[in-house]
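Down below is the structure, laid out as structure tokens.
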Amino acid sequence: MTKPADHLSRKQIGALGRELDALRAEVLDNLGEEDALHIRGVVRLARGSAIAGRTLLMFGFTPASFGLGVFALSTAKILENMEIGHNVLHGQYDWMNDPTLDSQTYEWDIVCDASQWRHYHNYEHHTFTNVIGKDRDVGYGIIRVSEEQYWHPKHLFQPVSNVLLSLLFQWGVGTHDMDPVRHLAGKGDAEEFEHKWEEFRTKATHQLFKDYVLFPLLAPWNAPRVLLGNFLANGIRNVWTNVIIFCGHFPEGTQVFSEEEIVGETRGDWYLRQMQGSANIEGGSWFHVLTGHLSHQIEHHLFPDIPARRYPEIAPRVRAVCEKYGLPYNTGSFWQQYGSVLGNIARLALPPTQEAVRADAAV
């Protein structure tokens, strides 16, 4: 299958890699107080929103205070998960030497153990982005998101599976690294699985106790209200995270790759794969913050260790590089990108036609 970068020569790919390396070095050389103020400000905002949300849930009695409490708490959880946790765990703020923002010690407010996330996300996903057989984020082992993936009867149900995955997204993320399906099939290292299971069990127990035991017990007069509020806030955070991630990876125009295609891959080739396998979502500044700036998924995949607040600043330059080398820059509105994702999920739920099978065999 022809890909958008197939027209580039090896010389052009090398030049593209050097341009993007230079852009990355330029930004990293200019990190400073504004970047530190940003992340510390978001931490304060998330904490304040969490306090406001929990206070309204614990001490309010009206439907309005309940709705505001859920809104504030879910906003806090989204900010902590997206703009703080995800970006801190990428090492974007290690240069600050702040122990509360250190990528190796930070633990975030979801059931996924941070060390497991750093392995399968920072290493596996960002190294082998969209390589079928190497990047397990391609459909998360549940959903067929590309015609290059084999079709199985289970995919007939993937429009429903996608809804369930979005509602339970933190649990899918939490179990992703230990790959329980592979373990049940008798593959993999049993000792390693047991170690990862224990890490997951410990973290998940902590999260469940905090949200569904501790806080309801702190307000026994309002325990059912607090319990339901925490449940809804976690659900809203799960759905939002899932939607944003899917918009950045699976809309129309994103490419997948085979293991053979990355043999002998250079830095320029790696950059090309990141650009072809990612997509952006257009929106305002607060929208970008609430997405953890993953609305700039192209820039994030190119430069995962650059503080995410810099992505809107460098996006025009990345787009100019794409135009210079005749490459697409996949961007669109939220509804355009998510509508494309849902359309692909529905279309790819069906088995490939005989014409498509014959076309694949002929390639």
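The values are calculated or read from the model by the stated rules, or taken from the named source; none is laboratory data. Owing to the predicted nature of the structure, the values given are computational and were not obtained by experimental measurement. With ideal geometry, Cβ positions are generated from the backbone for all residues, glycine too; neighbour counts draw on all protein chains shown.
So the values come out like this:
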{"quantity": "First in the stretch 51-74 and of a type in the set (Ser, Thr, Tyr), second anywhere and in a helix (DSSP H, G or I), Cβ under 6 Å, 6 or more apart", "calculated": "Ser65/Leu56; Ser74/Ala233; Ser74/Ile236; Ser74/Arg237"}
{"quantity": "Close pairs from the stretch 229-240: first closer than 14 Å to Val163 by Cβ, partner of a type in the set (S, T, N, Q) and assigned to a helix (DSSP H, G or I), Cβ under 6 Å, at least 6 apart", "calculated": "Asn238/Gln170; Val239/Ser166"}
{"quantity": "So Pro312, is it within 17 Å of the chain's Cα centre (by Cα) and of a type outside the set (Phe, Trp, Tyr)", "calculated": "no"}
{"quantity": "Any hit, the stretch 348-355, residues being at pLDDT below 95, surrounded by fewer than 18 Cβ atoms within 10 Å (Cβ to Cβ) and assigned to a helix (DSSP H, G or I)", "calculated": "yes"}
{"quantity": "Flag for Leu89 being free of Cβ contacts under 8 Å to residues at least 40 places away in the same chain, among the hydrophobic types (A, V, I, L, M, F, W, C) and either in contact with a Lys or Arg (Cβ under 7 Å, 6 or more places away or on another chain) or surrounded by 22 or more Cβ atoms within 10 Å (Cβ to Cβ) (or both)", "calculated": "yes"}
{"quantity": "Selection count, the stretch 81-105, where residues are hydroxyl-bearing (Ser, Thr, Tyr) and more than 20 Å from Tyr311 (Cβ to Cβ)", "calculated": "2"}
{"quantity": "The stretch 301-321, residues that are of a type in the set (A, V, I, L, M, F, W, C) and either without any contact (Cβ under 8 Å) to a residue 12 or more places away in the chain or surrounded by fewer than 17 Cβ atoms within 10 Å (Cβ to Cβ) (or both)", "calculated": "Ala320"}
{"quantity": "Matching option when the condition is modelled with pLDDT under 95 and among the hydrophobic types (A, V, I, L, M, F, W, C), among Ala185, Ala223", "calculated": "Ala185"}
{"quantity": "Qualifying residue in the stretch 150-167 (condition: in a loop (DSSP other than H, G, I, E, B) and without any contact (Cβ under 8 Å) to a residue 24 or more places away in the chain)", "calculated": "yes"}
{"quantity": "Matching residues, the stretch 62-78, being surrounded by 21 or more Cβ atoms within 10 Å (Cβ to Cβ), more than 16 Å from Ile245 (Cβ to Cβ) and either modelled with pLDDT under 95 or aliphatic (A, V, I, L, M) (or both)", "calculated": "Val70, Ala72, Leu73, Ala76"}
{"quantity": "Options Trp286, Trp240: the member that is part of a helix (DSSP H, G or I), out of contact with any helix residue (DSSP H, G or I) (no Cβ under 9 Å at 6 or more places or on another chain) and either modelled with pLDDT of 95 or more or within 30 Å of Leu57 (Cα to Cα) (or both)", "calculated": "Trp286"}
